[in-house]
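The values are calculated or read from the model by the stated rules, or taken from the named source; none is laboratory data. The shown structure was predicted, so the numbers you read here are calculated from the model rather than taken from an experiment. Cβ sites come from the backbone with ideal geometry, for glycine too, and all protein chains shown count toward neighbours. Surface areas here come from the heavy atoms of the whole protein model, side chains and all, with no ligands, DNA or RNA. Shrake-Rupley method; radii C 1.70, N 1.55, O 1.52, S 1.80 Å.
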Amino acid sequence: MAEDAGYDQLCERLAQQNIQVSVVEAALRQQRIETPSWGYANSGTRFKTFAWPGAAATTGQKIDDAAMVHRMTGIAPSVAIHIPWDRPADGDYAAMRAYAESQGLRLGAVNPNVFQDEIYRLGSLGSPNALAREQALADLIECCEIMSRVGSDTLSLWFADGTNYAGQDSLRARKQRFGEGLSAVYRHLPAQARMLIEYKFFEPAFYSTDLPDWGTVYAMCLQLGPQAQVLVDLGHHAPGVNIEQIVAFLLDEGRLGGFHFNNRKYADDDLIVGSVNPYELFLIYHELATAALGSQAPASTTARAVAYMIDQSHTIEGKIAPMIYSVLNCQEAYAKALVVPHVQLAEAQAEGDVLGAHRLLTDAFRTDVRPLLARIRQQLGVPTDPLAAYQRSGYEQRIAAERGVRPSSGGFQ
Ligand code: PSV
Ligand code: MN
């Protein structure tokens with residue numbers, strides 16, 4: 001009842017601001033967030049991994065958990081895979097895909113791991129060791145083939161490459177090796193597929209990182225071609241960086257490929273997205289929603305094709321519940337971005353009404369969109385309080401009893 005009153009009040013306010021509720025609701029029903037297979041397995045810090053009872057130990061279990069997140073939220077219908085962590089022992093990717101589909105899920109971005117083999121001590125594509133570069137290329141090309149087998153159109157690349165000490169390697173040579181390596185991978189991309197390239201300013205390399213920022217990756221993408229786009233991981237910037245401005249720039253240039261959502265206080269903390277800075281998440285969604293609802297190409301088409309993915313590894317808060325909470329935080333941020341009165345905002349901006357424009361935006365951020373989200377969840381046929389429903393479902397207790405405590409994970413079974 002209270003929810004209905006809240007919903008009616010919100011609709012009234014939106015009508016006054018000439019915002020069509022049907023457009024907002026349709027956008028929310030179409031929202032999609034991909035969850036990461038690695039987020040369901042045990043992982044930790046460099047100090048300790050606290051094994052969570054029932055955490056997924058096989059790719060089959062990761063798929064089961066991702067499917068549960070989708071059943072609770074209705075907007076997380078795909079799961080990203082990481083190779084070799086999710087490589088099937090028998091190489092049967094068709095079986096993996098079929099299993100995911102039987103659980104109502106799609107396999108999403110394929111993430112090659114070219115950072116854990118011994119040969120990658122000095123890097124992968126940027127390594128001074130030609131054998132390491134060859135191995136990396138082979139691993140990356142394997143992922144292009146896996147994409148075709150699992151029906152994925154997204155190759156999501158992140159490289160741990162860099163140096164720890166000044167003088168350790170030639171910075172220009174590393175740049176050139178990356179240019180050559182990425183071009184070779186680009187030639188193996190399946191037709192219509194995209195290659196999303198992630199940057200990170202430090203870690204695990206501490207002196208230089210080969211792809212440290214969006215500008216470097218953007219320049220590489222321009223050389224590679226239109227199928228190469230930039231992936232923004234919210235944890236991969238120095239403190240204080242204006243991420244929404246990076247998003248706006250890349251949208252306007254048609255080169256924003258996707259997101260790895262998470263939140264950070266200090267470095268690449270991998271915390272629940274929106275837990276530290278929900279305002280930043282809202283401002284990012286504001287850029288995306290403004291572009292997607294508008295008609296100015298290439299920003300509008302680019303915004304509509306963005307791959308929204310979560311990249312989080314929870315260490316002490318469980319696995320599935322924090323993933324659900326993360327999806328809900330993205331949904332709430334998007335809903336708030338959708339209730340920004342764009343026409344009035346543009347007018348205030350054009351008039352140079354600094355405070356007026358700012359207030360329009362912050363009023364939208366302060367709007368209680370929960371009654372609207374409850375309505376959307378009813379429309380999607382999922383619980384109105386997904387987190388509470390998950391906690392009541394008994395799933396957590398069941399997987400803890402069935403799977404036990406398994407410190408490591410890997411392989412589709
Ligand atoms: C690296 O910090 C990263 O963000 C990359 O996306 C990896 O693929 C992922 O985390 C998991 O290691
Ligand atoms: Mn990432």
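Give the accessible area for residue 21 in Å² (nearest 10); use a 1.4 Å probe, count only protein heavy atoms, and leave out ligands, DNA and RNA.
That residue has around 30 Å² of solvent-accessible surface.
Of all accessible surface on the chain at a 1.4 Å probe, what whole percent is carbon and sulfur? Don't skip to the answer; put the middle values down first.
On the way: 9360 of 18100 Å².
The value for the chain is 52 percent carbon and sulfur by accessible area.
Can you compute the charge dipole magnitude of the stretch 102-174 about its Cα centre, using +1 on each Lys and Arg Cβ and -1 on each Asp and Glu Cβ, nothing else charged? Give it in debye, rounded to the nearest 20.
Values: 6 positive and 9 negative charges, 37 e Å.
That gives the stretch 102-174 a dipole magnitude of about 180 debye.
With every protein chain kept in the model, how would you rank 70, 237 by accessible area, 1.4 Å probe, largest at the top? Don't skip to the answer; put the middle values down first.
Working: 70 45, 237 10 Å².
Ranking 70, 237 by accessible area, largest first, yields 70, 237.
Just flag the chymotrypsin sites (Phe, Trp or Tyr not before Pro) in the stretch 189-263 sitting in loop per DSSP whose Cβ has no more than 14 other Cβ atoms within 10 Å. Before the final figure, lay out the partial values.
Details: sites: 199, 201, 202, 206, 207, 214, 218, 249, 259, 261; in loops: 199, 201, 202, 206, 207.
Taking the stretch 189-263 and a limit of 14 other Cβ atoms within 10 Å, the loop chymotrypsin sites (Phe, Trp or Tyr not before Pro) found are 206, 207.
As a check on your grasp of the helix formula, calculate [θ] at 222 nm for the chain: sum -39500 (n - 2.57) over DSSP H runs of n ≥ 4, divide by the residue count, round to the nearest 500. Provide the component values of the computation, followed by the final result.
Details: 16 runs with 201 residues, N = 413.
Computed mean residue ellipticity for the chain: -15500 deg cm²/dmol.
What are the ³J(HN,Hα) couplings of the stretch 397-406, residue after residue, when phi is run through the Karplus curve with 6.51, -1.76, 1.60 and θ = phi - 60°? Round to Hz, x for glycine and proline.
Residue by residue, the stretch 397-406 yields 5, 5, 5, 5, 5, 6, 9, x, 9, 10 Hz.
Along the charge dipole of the chain, pointing to its positive end and built from +1/-1 on Cβ of Lys, Arg, Asp and Glu, which listed residue (226, 36, 374) has its Cα farthest out?
Positive-end residue among those listed: 36.
Take the alpha-carbon centre of the stretch 232-289, take the same for the stretch 77-109, and report the distance between them in whole Å.
Between the Cα centres of the stretch 232-289 and the stretch 77-109 lies a distance of 27 Å.
Amide H neighbours of residue 162 under 5 Å, counting only residues 5+ apart in sequence or on other chains, H built in-plane at 1.01 Å?
Long-range HN contacts for residue 162: 210.
Round to the nearest 10 and report in Å² the accessible area of residue 315, as given by a 1.4 Å probe over the protein chains' heavy atoms.
The accessible area comes out at roughly 40 Å².
Suppose R0 equals 25 Å. What FRET efficiency, 1/(1 + (r/R0)^6) with r the Cβ-Cβ distance, do residue 295 and residue 148 give to the nearest 0.05?
On the way: r = 34 Å, r/R0 = 1.35.
After rounding, the FRET efficiency stands at 0.15.
Mind checking which lysines have their C-alpha under 18 Å from residue 48, skipping anything on the same chain fewer than 8 residues away?
319
Report, to the nearest 10°, how far helix 171-188 tilts away from the longest principal axis of the Cα atoms in the chain, using its own Cα long axis and a range of 0 to 90°.
80
If r is the Cβ-Cβ distance from residue 3 to residue 223 and R0 is 56 Å, what FRET efficiency results, to the nearest 0.05? Provide the component values of the computation, followed by the final result.
Working: r = 52 Å, r/R0 = 0.93.
For R0 = 56 Å, the calculated efficiency reads 0.60.
For the chain, give the share of DSSP beta bridges that are antiparallel, in percent and rounded to the nearest 5; count only bridges with both residues there. Walk me through the numbers on the way to the answer.
Details: 3 of 29 bridges.
Here the share of antiparallel DSSP bridges comes out near 10 percent.
Take the Cα of residue 242, step 7 Å along the line toward its Cβ, and report every residue of the stretch 198-231 whose backbone nitrogen sits under 17 Å from that point.
Once the point is set 7 Å along Cα→Cβ of residue 242, 214-215 turn out to lie under 17 Å by backbone N, inside the stretch 198-231.
Just the accessible area for residue 158, please: 1.4 Å probe, Å², rounded to the nearest 10?
My reading of the accessible area for residue 158 is about 50 Å².
Can you give me the distance in nm between label points at residue 116 and residue 346, each placed 7 Å from the Cα along the Cα-to-Cβ direction?
So the label points at residue 116 and residue 346 sit 4.9 nm apart.
Quick one: order 316, 284, 272 from most to least accessible surface, probe 1.4 Å. Spell out each step's value before the answer.
Numbers: 316 125, 284 0, 272 25 Å².
Most to least solvent-accessible, the answer reads 316, 272, 284.
Apply the Karplus curve 6.51 cos²θ - 1.76 cosθ + 1.60, θ = phi - 60°, to the phi angles in the stretch 154-163 and return the couplings in whole Hz, x for Gly and Pro.
9, 9, 10, 10, 9, 10, 7, 5, x, 10
Quick one: compute the contact order of the stretch 44-139, relative version, from alpha carbon pairs under 8 angstrom and 6+ residues apart, as a percent.
Values: 86 pairs, mean separation 20.6, N = 96.
Computed over the stretch 44-139, the figure is 21 percent.
Using a 1.4 angstrom probe on the protein heavy atoms only, line up 34, 253, 12, 317 by accessible area, largest first.
Working: 34 20, 253 85, 12 115, 317 65 Å².
From most accessible down to least: 12, 253, 317, 34.
Can you work out the Karplus-derived ³J(HN,Hα) for every residue in the stretch 320-326? Use 6.51 cos²θ - 1.76 cosθ + 1.60 with θ = phi - 60°, whole Hz, and x for glycine or proline.
For the stretch 320-326, the Karplus-derived couplings read 7, 4, x, 5, 4, 4, 5 Hz, x marking Gly and Pro.
Using DSSP to call loops (not H, G, I, E or B), can you name the trypsin sites (Lys or Arg not before Pro) in the stretch 254-302 whose Cβ has at most 13 other Cβ atoms within 10 angstrom? Kindly include the intermediate steps, with their values, before the conclusion.
Working: sites: 255, 264, 265; in loops: 255, 264, 265.
Counting only loop positions with at most 13 other Cβ atoms within 10 Å, the trypsin sites (Lys or Arg not before Pro) in the stretch 254-302 are 265.
Using a probe radius of 1.4 Å on heavy atoms only, what accessible surface per residue do you get for the chain? Whole Å² is fine. Display every interim value, and only then the final one.
Working: 18100 Å² over 413 residues.
Each residue of the chain exposes 44 Å² on average to a 1.4 Å probe.
Can you compute the charge dipole magnitude of the stretch 2-403 about its Cα centre, using +1 on each Lys and Arg Cβ and -1 on each Asp and Glu Cβ, nothing else charged? Give it in debye, rounded to the nearest 20. Kindly include the intermediate steps, with their values, before the conclusion.
On the way: 34 positive and 46 negative charges, 75 e Å.
My answer is approximately 360 debye.
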